[in-house]
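I have placed the structure first, in the form of C-alpha cells, so that the comments after it can refer back to it.
No lab work stands behind these numbers, since they all come straight from the coordinates. Since the model is a prediction, treat every value here as computed from it, not as a measurement. Neighbour counts run over all protein chains shown; Cβ positions are idealised from the backbone, glycine included.
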Amino acid sequence: MNNDLVLRAATKWLSPVIILFALYVQFHGDYSPGGGFQAGVIFSSAILLYALTYGMQAALQLIPEWVLRLGASLGVLLYAGVGVVAMLKGGNFLNYSVLAEEPVAGQHIGIIIIELGVGLTVASVMVLLFFTFARRVAPE
C-alpha cells in the first residue's frame with residue numbers, strides 16, 4: 001500500500017465523519033429522505049476507504065468477514081422478524097400499525113427496525129462484495 005501520510009491522515013479523519021453521517025441518515029430516514037439502504041452504502045464507503053488506504057489485511061482486522069456475514073444475516077432476520085411479529089399480533093406481514101398501542105407509534109417503531117435491518121444488510125453485503133472482488137485481483 002502507498003504510505004502517503006496525507007491520505008492516511010485524511011482517512012483517519014474522514015472515516016468517523018462518514019460513519020456519523022451514515023448513522024444520521026439511518027435514524028433520520030423515518031422523517032426525511034434516506035434510510036437503511038442509503039445509510040448502508042454510506043457506512044460501507046467508510047470501510048472501503050479504510051481498506052483502500054491501509055490495505056486488505058488492515059481492513060480485515062478492523063472488521064472480519066464473519067462479522068460481516070453475521071451482520072448480513074441479522075439484518076435480514078430483523079426485517080423478516082418485524083413482519084412475523086406483526087402477523088403474530090393479528091396484522092398482515094409488515095403491518096407496522098399493530099406493533100404498538102397507537103398505530104402511528106407502531107409505524108415509527110416498525111420503520112426504524114426495518115430500516116436498521118436494511119442498513120445492516122446493505123453495509124455488510126457491500127463490504128463483503130468488495131473483499132471478495134479485491135481478493136481476486138492478482139497481487140503486484
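The table below gives the values:
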| read-out | value |
| --- | --- |
| Cα centre as origin, Lys/Arg/Asp/Glu Cβ charges: the chain dipole, Debye | 360 debye |
| Listed residue (PRO103, ALA46, VAL85) projecting farthest to the positive dipole end of the chain, Cβ model | ALA46 |
| Centroid-to-centroid separation of the stretch 101-136 and the stretch 34-48 [C-alpha atoms, Å] | 9 Å |
| Furthest towards positive pole of dipole, THR132, LEU14, LEU94, structure part the chain, Cβ charges | THR132 |
| Cα-only Debye scattering, the stretch 8-73: base-10 log of I(q)/I(0) at q = 0.17, 0.28 Å⁻¹ | -0.64, -1.16 |
| Sites ILE109 and VAL6, calculated FRET efficiency, Cβ-Cβ separation with R0 35 Å, nearest 0.05 | 0.20 |
| Label selected from (1) 54, 42, 23; (2) 59, 27, 19; (3) 55, 31, 28, the criterion being Cα extents along the principal axes in Å as computed here | (2) |
